[in-house]
């Protein structure tokens, strides 16, 4: 009987965890030229540490996408060459999709 209760409890908490996840979509552009930035590294970091939880690279149109991010506060760090942008994000509800459109990077050209 105790094993059944523990199994049901784990199943219910697992279902809640799966439902308490979000998606994050966005795009990155060069602040000067307004061109999409291809190949920028996008990281999701915990707010209480520098540990990377998720990472991806922007596509040919400058877009990126993350799925199954746990419902929590986190930082989005975008890095390309000599430019970095950090954006705090606080999720509000399960199954939410957050859009970070046109994240601007100031990419300095080398002279």
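The length gained on full extension between residue 72 and residue 109, counted as 0.36 nm times the residue separation minus their Cα-Cα distance, comes to 9.7 nm.
A simple spin-label model places pseudo-atoms 7 Å from Cα toward Cβ; at residue 25 and residue 86 they are separated by 2.8 nm. Ranked by how many other Cβ atoms sit within 10 Å of their own Cβ, fewest first, the residues 106, 43 fall in the order 106, 43. The fewest-to-most ranking of 84, 50, 58 by surrounding Cβ atoms within 10 Å reads 50, 84, 58.
Each value in this text was obtained by applying a stated rule to the coordinates, not by laboratory testing. Predicted, not measured: the structure shown is a model, and the values here were computed from it. Positions of Cβ are generated from backbone atoms using ideal geometry, with glycine treated the same way; all protein chains shown enter the neighbour counts.
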